[in-house]
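Take a look at the structure set out below.
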Amino acid sequence: MQARMTNPAYVLPGALKGIGTLFQAIGESGLDQEVAELVGLRVSQINGCAACVHGHVNNLRKAGVSEERIASVAAWRHAPFHSDAERAALTLAETVTRLADRSEEPVPDALWDEIADHFDEKEVSALILTVALTNMFNRINATIKEPAGTTWG
């Protein structure tokens, strides 16, 4: 499988610079990188983005995350391998990714309160940006048919 075109972030260098700045800010937030990768993996699973699923799985493996934790992300509610903070972050990731599927309040106050119990404002900001960026990349990759195994950077 081959992509339809070069990733737009590489075609438009200003876009790559802006994306890099966002990633730098997320990295400086204090959010645990493993939480960010788990969130990115779950969002990418929901969106069916093979390139991003592959990338997040590789990043988690490189970080030494167990195979059972990685494999259980798709069914995290029914697996004992994730902390309460990770569960809150995964719930937020799913909720924000599936905004169009909701007929009630997009992010319920109870979920927001749960997130605030586990993460400070900088970490919450990084979580929100991680979900948003992952959704953006998933949509770009689906549009250009980016294959799994693609590396960036």
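The values are calculated or read from the model by the stated rules, or taken from the named source; none is laboratory data. These figures come from a predicted structure and were not determined experimentally. We place every Cβ from the backbone using ideal geometry, glycine too, and count neighbours over all the protein chains shown. With ligands, DNA and RNA removed, areas are computed over all heavy atoms of the protein, side chains included. Shrake-Rupley method; radii C 1.70, N 1.55, O 1.52, S 1.80 Å.
Hey, can you tell me all the residues within segment 102-130 that are of a type in the set (S, T, N, Q) and in a helix (DSSP H, G or I)?
Ser125, Thr130
Taking the stated definitions as given, is Leu12 free of Cβ contacts under 8 Å to residues at least 12 places away in the same chain, more than 16 Å from the chain's Cα centre (by Cα) and surrounded by 15 or more Cβ atoms within 10 Å (Cβ to Cβ)? Walk me through it before giving the result.
Numbers: free of Cβ contacts under 8 Å to residues at least 12 places away in the same chain: yes; more than 16 Å from the chain's Cα centre (by Cα): yes; surrounded by 15 or more Cβ atoms within 10 Å (Cβ to Cβ): no.
So Leu12 fails the test.
Determine, yes or no, whether Ile26 is aliphatic (A, V, I, L, M), touching a Ser or Thr at 6+ places or on another chain (Cβ under 7 Å) and in contact (Cβ under 8 Å) with a residue 40 or more places away in the chain. Lay out the reasoning, then the answer.
On the way: aliphatic (A, V, I, L, M): yes; touching a Ser or Thr at 6+ places or on another chain (Cβ under 7 Å): yes; in contact (Cβ under 8 Å) with a residue 40 or more places away in the chain: yes.
Against the criterion (aliphatic (A, V, I, L, M), touching a Ser or Thr at 6+ places or on another chain (Cβ under 7 Å) and in contact (Cβ under 8 Å) with a residue 40 or more places away in the chain), Ile26 qualifies.
Return yes or no: is Ile19 within 13 Å of Thr134 (Cα to Cα) and free of Cβ contacts under 8 Å to residues at least 60 places away in the same chain? Please lay out each step first, then the result.
Working: within 13 Å of Thr134 (Cα to Cα): yes; free of Cβ contacts under 8 Å to residues at least 60 places away in the same chain: no.
Spelling it out, it is not the case that Ile19 is within 13 Å of Thr134 (Cα to Cα) and free of Cβ contacts under 8 Å to residues at least 60 places away in the same chain.
Quick check on segment 99-132: of everything there that is closer than 26 Å to Cys49 by Cα and open to solvent by 90 Å² or more (accessible area, probe 1.4 Å), which residue is farthest from the chain's Cα centre (by Cα)? Steps first, answer last, please.
In the first step, residues of segment 99-132 are kept if they are closer than 26 Å to Cys49 by Cα; the result is 99-103, 106-107, 111, 115, 123-132.
Narrowing the set further to residues that are open to solvent by 90 Å² or more (accessible area, probe 1.4 Å) leaves 100-101, 103.
Numbers: Ala100: 18, Asp101: 18, Ser103: 23 Å.
Selected residue: Ser103.
So Thr150 passes all but one of these: (1) in a helix (DSSP H, G or I); (2) over 24 Å from Glu28 (Cα atoms); (3) open to solvent by less than 40 Å² (accessible area, probe 1.4 Å). Which condition number does it fail?
Result: Thr150 fails condition (1) only.
Of all residues in segment 116-153, count the ones that are free of Cβ contacts under 8 Å to residues at least 12 places away in the same chain, among the small types (Gly, Ala, Ser) and within 22 Å of Leu92 (Cβ to Cβ).
1
Quick one: which of Ala3, Ala50 is more than 19 Å from Ala126 (Cβ to Cβ), open to solvent by less than 80 Å² (accessible area, probe 1.4 Å), over 18 Å from the mean Cα position of the chain (by Cα) and in contact (Cβ under 8 Å) with a residue 24 or more places away in the chain?
Numbers: Ala50 fails: over 18 Å from the mean Cα position of the chain (by Cα).
Being more than 19 Å from Ala126 (Cβ to Cβ), open to solvent by less than 80 Å² (accessible area, probe 1.4 Å), over 18 Å from the mean Cα position of the chain (by Cα) and in contact (Cβ under 8 Å) with a residue 24 or more places away in the chain holds for just one of Ala3, Ala50, which is Ala3.
For segment 70-98, give me each residue that is of a type in the set (Lys, Arg) and either closer than 18 Å to Ser125 by Cα or open to solvent by less than 40 Å² (accessible area, probe 1.4 Å) (or both). Working first, answer last.
In the first step, residues of segment 70-98 are kept if they are of a type in the set (Lys, Arg); the result is 77, 87, 98.
Once the filter is applied, which keeps residues that are of a type in the set (Lys, Arg) and either closer than 18 Å to Ser125 by Cα or open to solvent by less than 40 Å² (accessible area, probe 1.4 Å) (or both), segment 70-98 yields only Arg87.
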